[in-house]
1. Select from the range 24-54 the residues that are away from the ligand (no atom under 13 Å from the Cβ), assigned to a helix (DSSP H, G or I) and within 21 Å of Q241 (Cβ to Cβ) and list them in ascending order.
2. Would you point out which residue out of A92, A63, A67, A52 is among the small types (G, A, S), closer than 17 Å to D281 by Cα and crowded, with 24+ Cβ neighbours inside 10 Å?
3. Could you say whether any residue in the range 207-226 is of a type in the set (F, W, Y) and either in the same structural domain as T29 (by TED's automatic domain parsing) or more than 14 Å from the ligand (Cβ to nearest atom) (or both)?
4. Please tell me if V124 is within 19 Å of A163 (Cα to Cα) and over 14 Å from the mean Cα position of the chain (by Cα).
5. Can you list residue pairs whose Cβ atoms sit under 8 Å apart, with the first residue in the range 150-162 being modelled with pLDDT of 95 or more and in a strand (DSSP E or B) and the second being near the ligand (Cβ under 7 Å from one of its atoms) and hydroxyl-bearing (S, T, Y)? Count only pairs 6 or more apart in sequence or on different chains.
6. Does I278 satisfy the condition of being within 15 Å of the ligand (Cβ to nearest atom) and modelled with pLDDT of 95 or more?
7. For L45, state whether it is closer than 25 Å to Q290 by Cα, surrounded by 19 or more Cβ atoms within 10 Å (Cβ to Cβ) and out of contact with any Cys (no Cβ under 9 Å at 6 or more places or on another chain).
8. Which one of these does S145 not meet: (1) within 16 Å of the ligand (Cβ to nearest atom); (2) under 19 Å from A60 (Cα atoms); (3) outside any loop (DSSP other than H, G, I, E, B)?
Amino acid sequence: MNGLRFLSTGRCVPARIVTNDDMSRIVDTSDEWIRTRTGIAQRYLSGDGETAVDLCVGAARQAMDRAGISPEDLAVCVVATCSPDHAAPSNACLVQAAMGLPENIPCFDLNAGCTGFLYGLETVRGFLTISEKKYALLIGGEQLSRVMDMTDRSTCVLFGDGAGAAVLTLEEGRLWHADLGSRGNAEVLWVNGPGPGPCTIHMDGPGVYRFAVEALPTCAKTLMAKSGLTLDQVDWIIPHQANRRIIETASRRLHAPIEKFYQNMERYGNTSAASIPIALDEMNEQGLLQPGQTVMCIGFGAGLTWGGALFQW
Ligand code: ACO
């Protein structure tokens, strides 16, 4: 199997921090309710004039600078998102324009809800196998504030804006196992529109919870079976940062210590397709990810989709 290697990562969030107390001045909620149900303490929300593409470009510039590669060597640029600035053109094409990426490469958005970054990894892996160019730019970027209903306390407290990016290359013989799937469900989680009325997030909270606490451990077990590794041999599990209780339940079901699961939803809220690349960048920056470590990323989200990747850092 030819596996992806992360050359670099980057992240970008809006300047404005909105705490749970700030949210309690907008809807009937409390810091205590949000923290105990979700583990979230604050989130970043865009200000006037800030776009999703701004966030994507901020994260992508950082990743490209750190990778030290020429844009001419990129084979593809993909943005995983379910909250693009426009239905068309894609955020990826607008990133291409803003960063002056070469014209002879495919640039497109991919929507797999909160699982987008995992779908993106397999997508760029495919492109790298057929391209003569060596590198891929993959961004998970969301401006969920554009689809948050600020009168619906059951959803608006959960989400945040942000983007994470990675520059990747393919290496022969490198550890790589993936598992992607979808259930074709539009009842549990959806964003309506475009059409009459505002585009907003609708969610059956308990339905999402039930799906997530099954999908996360099942995906982890599938990756274990495919790789022949045990969870003891995995250094980090980096799950989609939806909710602390989902991660704690998954940890119990897998009999894996909670310390193995990286968590940062306290500071960002749920940033959908951006949550895993933001987590990777934070961990990278803090030196938590070391070359040779075995890492498992697992996402789950609207669709209902799930996706996992097991690889070496
Ligand atoms: N503040 C205060 N009260 C609230 C809030 C809020 N922000 N939101 C809902 N409530 C109320 C409801 O109105 C309801 O009140 P009622 O009983 O009087 O009708 C009550 O709280 C429901 O409370 P609980 O039963 O304790 O809620 P529950 O334990 O189901 O937790 C939650 C709700 C957190 C949404 C849970 O179902 C959950 O974690 N679901 C997963 C959702 C999720 O993570 N979504 C992320 C997006 S999807 C993704 O990323 C894949």
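1. Scanning the range 24-54 gives a single hit, A52.
2. On the way: A92 fails: closer than 17 Å to D281 by Cα; A67 fails: crowded, with 24+ Cβ neighbours inside 10 Å; A52 fails: closer than 17 Å to D281 by Cα.
Going through A92, A63, A67, A52 in turn, just one is among the small types (G, A, S), closer than 17 Å to D281 by Cα and crowded, with 24+ Cβ neighbours inside 10 Å: A63.
3. Start the filter on the range 207-226 by keeping residues that are of a type in the set (F, W, Y), which leaves 209, 211.
Next, from what is left, pick out any that are either in the same structural domain as T29 (by TED's automatic domain parsing) or more than 14 Å from the ligand (Cβ to nearest atom) (or both): none.
Within the range 207-226, not a single residue is of a type in the set (F, W, Y) and either in the same structural domain as T29 (by TED's automatic domain parsing) or more than 14 Å from the ligand (Cβ to nearest atom) (or both).
4. Details: within 19 Å of A163 (Cα to Cα): yes; over 14 Å from the mean Cα position of the chain (by Cα): yes.
Taking the combined requirement at face value, the residue satisfies it.
5. F159/S272
6. Working: within 15 Å of the ligand (Cβ to nearest atom): yes; modelled with pLDDT of 95 or more: yes.
In short, yes.
7. Details: closer than 25 Å to Q290 by Cα: no; surrounded by 19 or more Cβ atoms within 10 Å (Cβ to Cβ): yes; out of contact with any Cys (no Cβ under 9 Å at 6 or more places or on another chain): yes.
In short, no.
8. Tallying (1) within 16 Å of the ligand (Cβ to nearest atom); (2) under 19 Å from A60 (Cα atoms); (3) outside any loop (DSSP other than H, G, I, E, B), S145 fails exactly one: (2).
The values are calculated or read from the model by the stated rules, or taken from the named source; none is laboratory data. Not measured: the values here are computed from a predicted model. Heads up, the Cβs are rebuilt from the backbone with ideal geometry, glycines too, and the neighbour counts pull from every protein chain shown.
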